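Structure, as structure tokens:
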Amino acid sequence: MGVVYDGVMDLIVLDTETTGVEAKKDSIIEIAAAKVSDGKIVAKFQTLVKPHTPLNVTVSVLTGIKPEELIGAPDIKEAGQELLNFAGDLPIVGHNISFDLDFLKSHGIDLPGQSLDTLDLSITLLPKLPFHSMQFMSAFYQFRDQPSHRAMSDVLATTELVNLLVHFAKNIPLPLLQKIRRLV
């Protein structure tokens, strides 16, 4: 199943914020997702998550999330179940999505939908750009929503990127698009 908006195509755009970069050691502190149908957001999911490891000052400054905000947040099992209920078996899309999915899996949350990485797709469809980070792509294409190291703002920016990439993909001849699909 691919991201094609010729008919109605539902997908989930996902992002997480974490206490570090090691999926087995660090904690998820925020999860956000948007259900997208035919290129439009039709539902949103967002929750803070109580970490099992301390929130350090660097992550707090980067995300703007303060340790006291996480005290009453659901634990990862509860937040994960809510995410699973929200996402169902829809395809999961994100920028460097393997990072988010690895974190979720290491905490017992295995989303069944296929995944599509907008980072890989942007490199494939837009190879002449000097960078493919969400920050660069959002600024370069002047997205309304800019990533800010908060899960929902990153989801909104990624949704704009998905729509942009679908637009570029629609202009590619079908044989080449099929070849790209096999590669991605």
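Points to keep in mind about this one:
- Some residue of segment 27-37 being in a loop (DSSP other than H, G, I, E, B) and open to solvent by 20 Å² or more (accessible area, probe 1.4 Å): no
- Check on L101, touching a helix residue (DSSP H, G or I) at 6+ places or on another chain (Cβ under 7 Å) and crowded, with 17+ Cβ neighbours inside 10 Å: no
- Some residue of segment 43-59 being free of Cβ contacts under 8 Å to residues at least 12 places away in the same chain, open to solvent by 20 Å² or more (accessible area, probe 1.4 Å) and closer than 30 Å to N171 by Cβ: no
- For segment 104-114, the tally of residues that are under 14 Å from the mean Cα position of the chain (by Cα) and open to solvent by 30 Å² or more (accessible area, probe 1.4 Å) stands at 1.
- If you go through segment 115-125 and keep only what is in a helix (DSSP H, G or I), open to solvent by 40 Å² or more (accessible area, probe 1.4 Å) and either of a type outside the set (V, I, T) or within 26 Å of K105 (Cα to Cα) (or both), you end up with L119, D120, I123.
- When residues in segment 60-70 are screened for being at negative phi and either of a type in the set (V, I, T) or in contact (Cβ under 8 Å) with a residue 60 or more places away in the chain (or both), 4 of them pass.
- Going through (1) of a type in the set (S, T, N, Q); (2) farther than 13 Å from I41 by Cβ; (3) in a helix (DSSP H, G or I) one by one, Q146 falls short only on (3).
- Residue that is farthest from I12 (Cα to Cα), among those in segment 77-95 that are of a type in the set (A, V, I, L, M, F, W, C) and open to solvent by 30 Å² or more (accessible area, probe 1.4 Å): L84
- Qualifying position, being at pLDDT 95 or above, at negative phi and not in a helix (DSSP H, G or I), among A157, A73: A73
- First in segment 126-146 and open to solvent by 70 Å² or more (accessible area, probe 1.4 Å), second anywhere and hydroxyl-bearing (S, T, Y), Cβ under 9 Å, 6 or more apart: Q146/S138; Q146/S153
The values are calculated or read from the model by the stated rules, or taken from the named source; none is laboratory data. Keep in mind the model is a prediction, meaning the values are calculated, not measured. Glycine gets a Cβ as well: all are built from the backbone with ideal geometry, and neighbour counts include every protein chain shown. When the accessible area is computed, the model is the full protein with side chains, heavy atoms only, and any ligands, DNA or RNA have been set aside. Shrake-Rupley method; radii C 1.70, N 1.55, O 1.52, S 1.80 Å.
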